[in-house]
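Reviewing the structure listed below.
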Amino acid sequence: MQVLITGSAGFIGFHLTKALCRQGIQVYGIDSLNHYYDVKLKHARLKECGIEVARYGEECASSLYSGYRFRQADLCDKEMLESIFAENHFDCIINLAAQAGVRYSLTHPETYVESNVAGFLNILELCREYHCDRLIYASSSSVYGNSREVPFKESARVDQPASIYAATKKSNELMAYTYSWLYHLQTIGLRFFTVYGPWGRPDMAPILFAQSISQDTPIKVFNNGKLSRDFTYIDDIVEGIARIVNKPGLVREDTPGVPAVIYNIGHGSPVKLMEFIRLLEKNIGKEAVKEFTEMQAGDVYQTWADTTKLRKDYGYTPATSLEDGIREFIEWFKTFKL
């Protein structure tokens, strides 16, 4: 089996690439290596996979995994993408590349439309053109907005996004459905819930808080700490995606006759923000300097995944408690240096 992973130098993409390579699956990875956060972290992830990037568009072979090749490429560079599709036969596309970050979308909305909508359209078009009939793609729990109906079910109303980022992810789901309807492309959308763990994004709370606690600088506690999140450890996320990749014969249809499906992929047990901070403090060995503040624009009050559907179809059962996950994360955080 050969799969294409877009965003393979990103947090989830990096861990998924390693997992699939270890299973003997051939992986072709692409990533734009943009500067949304420190690109040195992305290069460090690639190095962990045996990849040394030379220049944009040049294919690189891994020195660690014989089945892994990488090319720096942007989803908006359709000519480059087309050459990759033309030179390979992919059994499955896993689209994880996107402009991430809810708050950044408030000041740079055009970047999100370009990367997350136009770039995703290129992927859909190339799947159609090159007859790749299976697409797994990243959506987000942010599509639920500030819904009070918990736990969040895939059947819930999701047309009231609280950020441009969330709006682009809902757009992806609609676009994927349309291609499933028109061209019988199997599309599997995954609504990720607050993924954390080693090699995570430095713009997210785990690393931001861990750095501030370690340096005795204040952390901003939004909505005065009255928030909860369905924190999901990276290994559980990767295990869930791998199960889907390795079960190509299952074609679920949310609408009869249209091979499009949406799944929640989370832990299924929300944790209060203050408990999350307490576990960071415990593992770092320091108390946080807390600056309580009001709700941040674009943020949501709670997330909570109902994962019944994914468990029924693929046996997905997240196994990592927040206490164990935070311990693993902090062990990595204390030793990692760019």
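The values are calculated or read from the model by the stated rules, or taken from the named source; none is laboratory data. Since this is a predicted model, take the numbers as computed values, not measurements. Backbone-built Cβ (ideal geometry, glycine too); neighbour counts: all protein chains shown.
So here's what we get for this one:
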item	result
Residues located in segment 155-188, provided they are part of a loop (DSSP other than H, G, I, E, B), in contact (Cβ under 8 Å) with a residue 60 or more places away in the chain and in contact with a helix residue (DSSP H, G or I) (Cβ under 6 Å, 6 or more places away or on another chain)	SER163, LEU185
Residue identified as within 20 Å of the chain's Cα centre (by Cα), under 24 Å from PRO248 (Cα atoms) and of a type outside the set (Val, Ile, Thr) among ASN88, ASN95	ASN95
Answer from GLY266, GLY325 - the residue that is in contact (Cβ under 8 Å) with a residue 40 or more places away in the chain and either charged (D, E, K, R) or within 25 Å of ALA166 (Cα to Cα) (or both)	GLY266
Residue check, VAL271 of a type outside the set (D, E, K, R), crowded, with 16+ Cβ neighbours inside 10 Å, under 30 Å from ILE164 (Cβ atoms) and free of Cβ contacts under 8 Å to residues at least 60 places away in the same chain	yes
Pair list, Cβ under 8 Å, 6 or more apart: segment 284-301 residue within 18 Å of ARG229 (Cβ to Cβ), other residue modelled with pLDDT under 75 and not hydrophobic (A, V, I, L, M, F, W, C)	GLN296/ARG103; ALA297/ARG103; GLY298/ARG103; GLY298/SER105; ASP299/ARG103
Strands (runs of 3 or more DSSP E) contained in segment 1-84 and holding at least 3 residues of a type in the set (Asp, Glu) and modelled with pLDDT of 95 or more	none
Residue in segment 132-148 that is in a strand (DSSP E or B) and over 21 Å from MET1 (Cβ atoms) present	yes
Helices (runs of 4 or more DSSP H) contained in segment 251-338 and holding at least 1 residues within 24 Å of TYR37 (Cβ to Cβ) and in contact with a strand residue (DSSP E or B) (Cβ under 7 Å, 6 or more places away or on another chain)	273-284, 322-335
Tally of residues being free of Cβ contacts under 8 Å to residues at least 12 places away in the same chain and either crowded, with 16+ Cβ neighbours inside 10 Å or closer than 14 Å to PHE14 by Cβ (or both) across segment 35-78	4
Hits in segment 214-238 - residues which are at pLDDT 95 or above, crowded, with 19+ Cβ neighbours inside 10 Å and not in a loop (DSSP other than H, G, I, E, B)	THR232, TYR233, ILE234, ASP236, ILE237, VAL238
Yes/no for LEU106 being under 27 Å from ASP203 (Cα atoms), of a type outside the set (Gly, Ala, Ser) and surrounded by fewer than 18 Cβ atoms within 10 Å (Cβ to Cβ)	yes
Every pair of residues 6+ apart whose Cβ atoms lie under 8 Å, when the first sits in segment 123-143 and is more than 30 Å from TYR301 (Cβ to Cβ) and at pLDDT 95 or above while the second is among the hydroxyl-bearing types (Ser, Thr, Tyr) and not in a helix (DSSP H, G or I)	ILE123/THR6; ILE123/TYR137; LEU135/THR187
Residue list for segment 305-322, filter: among the charged types (D, E, K, R) and free of Cβ contacts under 8 Å to residues at least 60 places away in the same chain	ARG311, LYS312
Segment 206-222, residues that are in contact with a strand residue (DSSP E or B) (Cβ under 8 Å, 6 or more places away or on another chain) and not β-branched (Val, Ile, Thr)	PRO206, LEU208, PHE209, SER212, PRO218, LYS220
